[in-house]
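Each remark here refers to the structure printed beneath this line.
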Amino acid sequence: MLDVRKVREQFPILHQEVNGAPLVYLDNAATSQKPLQVTEALEDYYRRYNSNVHRGVHTLSNVATDAYEGARDKVQSFINAGKREEIVFTRGTTTAINTVAASFGRANVQEGDEIVLTPMEHHSNLIPWQQLAKATGAVLKYIPLQPDGTVSVESARSTISERTKIVTMVHVSNVFGTMNPVKEVAQIAHENGAVMVVDGAQSTPHKKVDVQDLNCDFFAFSAHKMCGPTGIGVLYGKKRLLEDMEPFEFGGEMIDEVGLYDATWKEVPYKFEGGTPIIAGAIGLNAAIDFLNEIGLDDIKTHEQQLAKYAMDELASYDDIEVYGPPADERAGIVTFNIHDVHPHDTATVLDTKGVAIRAGHHCARPLMNWLDVAATARASFYLYNTEEDVDAFVDALVTTKEYFGDVYAE
Ligand code: PMP
């Protein structure tokens, strides 16, 4: 079982007051906090062996190269990729998906082909496909959601056809916390000759991911949501697919031969890592993976689900609070809700005065807000360092919010 008290010792940022109250950080789906293990690894790199990688003959450069490439090995085993060349470092999930849409998409999608996705996609896994469809004349097709906001394998099956070239889906929704059946959908995609692209931004930080078991073709995630630094993420791609793709960015580091009028590329993954790579980011990500592995992703997942269930049970006693999405045992630690007649921005603002940090808005998922028929929602998202006391403070602050706005409307 997860020892939250011990975990919290790794996060000095949590031990502060915000607006006169102890900080309760429930905006983890936006970005997580970073443990000392990660900030110290970053500091160690900058203090002891900061250097550019791959080209150096000198000692510091070799140490930095080993650390950077060691991070690739760590990521490979973390998501159980078959080969280290299948791990491409990117700026984050967004860049990883854009790379697939631009590079694989432009080469393989033609007019009349279909790209299948869901209405619950984050804009990062929606707009790149819209742009690809516009550029190629392909058609976007949406798998309809079930009334509780989940994706059924049967609806996926009836949406995907032999015209489908790409199927893409968020692994865990950043709004509902729903865990989508990506493994089953990947199989349907393959039966129809399509590739499966998975947005793993919200799954990788919270549960064990095995890309070979999912049998997806591409998988994207960001370090900053899993205790790592901002500015680095990963594109996993099956080697034969990456090999056939053109680079997305051109410049130093990614070339083999260069003449005045032409150039050739390095092998994968390096042809996708143009320019000085995200060295510190990779070192920080490596430390974050060590941190999560030492605690254990199964325990992390159980802990967050318990907190989400506790929060949902508490919220269920208020008729004027609506929670969106499936029951707690079918979701990750994300609770999206609205208080009737209170704008979620007002809810988040009042909570902030009590030291409780949550998110309000459309969560970069406008089509899903339309599906819910709301302009915006409030969202509390949990991580390994949150406690039941955090949930109590959150619920107390919500009650204050309700009372405050109840009085305002009564006047
Ligand atoms: N997909 C999902 C489901 C997300 O929650 C996010 C981040 N909010 C992204 C993609 C984009 O991640 P990033 O901004 O790190 O590129």
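Scanning region 247-282 for residues that are among the charged types (D, E, K, R) and either within 25 Å of the chain's Cα centre (by Cα) or at pLDDT below 95 (or both) yields Glu249, Glu253, Lys271, Glu273.
Is it the case, given these coordinates, that Asp73 is free of Cβ contacts under 8 Å to residues at least 12 places away in the same chain and charged (D, E, K, R)? Considered against the rule, which asks whether it is free of Cβ contacts under 8 Å to residues at least 12 places away in the same chain and charged (D, E, K, R), Asp73 comes out as yes.
For the residues Asp148, Asp199, the requirement of being modelled with pLDDT under 95, under 22 Å from Leu368 (Cα atoms) and assigned by TED's automatic domain parsing to the domain that holds Glu114 singles out Asp148.
Just one of (1) in a helix (DSSP H, G or I); (2) under 29 Å from Gly325 (Cα atoms) fails for Pro119. It is (1). Counting only helices (runs of 4 or more DSSP H) wholly contained in region 1-113, the ones carrying 2 or more residues that are under 30 Å from Glu162 (Cβ atoms) occupy 93-99. Can you tell me which residue is surrounded by the most Cβ atoms within 10 Å (Cβ to Cβ) among those in region 44-81 that are closer than 18 Å to Ile289 by Cβ and over 21 Å from the mean Cα position of the chain (by Cα)? The selected residue is Tyr68.
Looking across region 123-138, the residues that are buried (at least 22 other Cβ atoms within 10 Å of the Cβ) and away from the ligand (no atom under 15 Å from the Cβ) come down to Leu132, Ala138.
Restrict the check to region 361-378 and report whether at least one residue is touching a residue at least 60 places away in the same chain (Cβ under 8 Å), assigned to a strand (DSSP E or B) and not acidic (Asp, Glu). Scanning region 361-378, I find at least one residue that is touching a residue at least 60 places away in the same chain (Cβ under 8 Å), assigned to a strand (DSSP E or B) and not acidic (Asp, Glu), so the answer is yes. For Leu145, the conditions (1) out of contact with any His (no Cβ under 8 Å at 6 or more places or on another chain); (2) crowded, with 22+ Cβ neighbours inside 10 Å all hold with the exception of (2). For region 314-345, the set of residues classified as closer than 26 Å to Pro181 by Cβ and not in a strand (DSSP E or B) consists of Gly325, Pro326, Pro327, Ala328, Asp329, Glu330, Ala332, Gly333, listed by residue number.
The values are calculated or read from the model by the stated rules, or taken from the named source; none is laboratory data. Just so you know, these numbers come straight off a predicted model, no measurement behind them. Cβ sites come from the backbone with ideal geometry, for glycine too, and all protein chains shown count toward neighbours.
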